[in-house]
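Okay, so here's the structure we're looking at.
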Ligand code: AMP
């Protein structure tokens with residue numbers, strides 16, 4: 001027997017409709033790519049998204065067509081996002097920090113027919129336009145006064161393009177499983193693969209993420225997604241904020257600490273989300289200038305592990321509650337969050353930090369487990385490492401066009417490629433990416449844990465650990481360190497700091513100092529590049545291989 005309730009499909013357009021109707025005057029503040037700060041609101045944004053929808057239809061975009069965006073977090077990007085998926089087309093958010101050849105590859109793989117682009121990325125597209133035969137037009141996300149000269153064919157000016165369209169355009173009735181967005185994984189192994197979100201998965205994920213025990217967004221909040229919309233949908237905040245009518249602050253192109261800090265303070269932001277490297281630079285700025293955060297209440301940190309020292313500094317020095325979260329493109333972003341559960345015994349300050357260092361417990365809609373190489377379940381004892389497997393209503397069931405073959409096991413679990421422990425309360429702790437874990441004498445050493453301990457040294461700005469070949473142990477850890485400006489650090493200082501803080505057999509065999517650690521387009525340490533750079537590194541006490 002079916003329930004007798006209204007069949008109200010979970011569509012992304014319903015989020016904007018709701019925000020426009022009940023929170024119409026709530027502000028959306030953008031640091032525009034052109035420079036100035038502009039203000040709009042949900043009612044206006046909803047009308048302009050409808051105008052864009054009309055322009056897309058007039059251009060010939062139909063249900064299922066892929067329309068790409070190469071853009072920072074701005075109100076125009078948000079209009080594009082809702083406008084594209086609102087008519088049943090697929091919004092393909094492209095990461096502009098990828099190599100041009102990768103962008104050409106994914107635009108062709110996605111079969112993008114139209115690209116909406118921020119002016120600074122035009123030269124990038126000019127360089128690859130010849131490789132994009134399917135693209136029929138480029139819409140520059142600006143007004144006539146700021147249109148740059150370009151050699152691209154078929155260029156349109158966004159403001160002119162949408163100006164004459166109907167602000168009351170009626171969203172079509174779509175089935176909630178219709179594809180709404182496409183986001184490619186960074187492709188650290190092999191070619192990037194597309195994750196195809198549906199309206200339903202986006203809405204369900206945003207509802208779950210807004211829960212009080214998760215990020216707990218409310219209408220009185222002012223949310224600033226620092227994490228870009230091209231990095232797993234800005235972790236869902238551009239859906240979650242309008243869903244509750246929170247004020248939104250979109251930081252545009254300026255990701256430097258000074259610009260972000262100014263927005264946090266000027267707009268009285270209460271919630272933000274960013275990868276740890278952003279917090280590293282913000283903390284350094286606040287330490288240098290002796291400033292504080294007057295309104296920020298909580299921050300979600302994910303994308304890579306939040307080091308204990310960073311959590312402690314934000315909580316104790318700046319009074320900000322840290323929500324350490326884990327997720328991936330394939331899980332629609334956030335899937336676990338480190339928030340204590342009811343029924344747990346009261347935690348001391350140190351135990352609270354121990355908990356926050358973990359990536360946390362699954363949100364509703366997500367299930368987790370760990371398995372051994374043969375796929376057998378492993379115990380939740382907080383010590384045993386295993387492959388982290390997930391399932392849920394906002395977890396990928398396949399990659400776009402079936403790339404890479406089936407991704408679910410016989411019981412529907414998705415292998416995340418991460419290695420983790422799970423404690424008896426269900427809190428996941430990521431040990432490593434399966435391919436980054438250091439295999440020493442048949443045992444595993446967590447590069448993440450070593451990095452986190454190393455950055456606790458007051459003179460260390462950033463640290464990375466990779467495995468280096470060892471004749472006896474197979475691999476041993478090499479610690480790569482950037483010293484804080486003005487600090488003279490020695491290998492002995494760093495090793496003395498680690499001594500007693502990590503197991504003896506985890507101690508790095510060597511420490512090297514560098515000026516720069518490479519990061520991927522989504523802010524993760526580029527272990528592949530480091531392994532390549534240090535592939536001939538000879539650990540102390542090991543005879544150098546004879547020259548051929
Ligand atoms: P992406 O799909 O680019 O967001 O990358 C997802 C991967 O980032 C995960 O599989 C993890 O390896 C890593 N990751 C995300 N959040 C965390 C976290 N809080 N701690 C450690 N690793 C993380």
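The values are calculated or read from the model by the stated rules, or taken from the named source; none is laboratory data. Predicted model, so just to flag it, every value in this text is computed and none were measured. Positions of Cβ are generated from backbone atoms using ideal geometry, with glycine treated the same way; all protein chains shown enter the neighbour counts.
Residue under question is residue 285, and the condition is that it be in contact (Cβ under 8 Å) with a residue 24 or more places away in the chain and touching a strand residue (DSSP E or B) at 6+ places or on another chain (Cβ under 9 Å); does it hold?
Taking the combined requirement at face value, the residue does not satisfy it.
Selection within region 27-47: residues that are touching a residue at least 60 places away in the same chain (Cβ under 8 Å), surrounded by fewer than 23 Cβ atoms within 10 Å (Cβ to Cβ) and out of contact with any strand residue (DSSP E or B) (no Cβ under 6 Å at 6 or more places or on another chain). The member of this set that is farthest from residue 243 (Cα to Cα) is 34. Can you name the residue in region 426-445 that is assigned to a loop (DSSP other than H, G, I, E, B) and surrounded by 19 or more Cβ atoms within 10 Å (Cβ to Cβ) and, of all such residues, is modelled with the lowest pLDDT? Restricting to residues being assigned to a loop (DSSP other than H, G, I, E, B) and surrounded by 19 or more Cβ atoms within 10 Å (Cβ to Cβ), the top hit is 437. Pairs are defined by a Cβ separation below 8 Å, a sequence spacing of at least 6 or placement on different chains, a first member in region 302-328 that is over 18 Å from residue 237 (Cβ atoms), and a second member that is within 10 Å of the ligand (Cβ to nearest atom) and part of a loop (DSSP other than H, G, I, E, B); the pairs so defined are 304/275; 304/523; 304/524; 305/359.
Would you tally the residues in region 294-309 being over 12 Å from residue 273 (Cβ atoms) and either in contact with a strand residue (DSSP E or B) (Cβ under 8 Å, 6 or more places away or on another chain) or assigned to a loop (DSSP other than H, G, I, E, B) (or both)?
Residues that pass the stated criteria total 6.
Among residues of region 327-360 being assigned to a strand (DSSP E or B) and within 18 Å of residue 419 (Cβ to Cβ), the one that is nearest to the ligand (Cβ to nearest atom) is 328. Filtered by the rule that a residue be away from the ligand (no atom under 16 Å from the Cβ), touching a residue at least 60 places away in the same chain (Cβ under 8 Å) and part of a loop (DSSP other than H, G, I, E, B), region 497-534 gives a lone residue, 534.
Of all the numbered requirements in (1) modelled with pLDDT of 95 or more; (2) over 18 Å from residue 448 (Cβ atoms); (3) in contact with a helix residue (DSSP H, G or I) (Cβ under 8 Å, 6 or more places away or on another chain), residue 284 misses one, and that requirement is (1).
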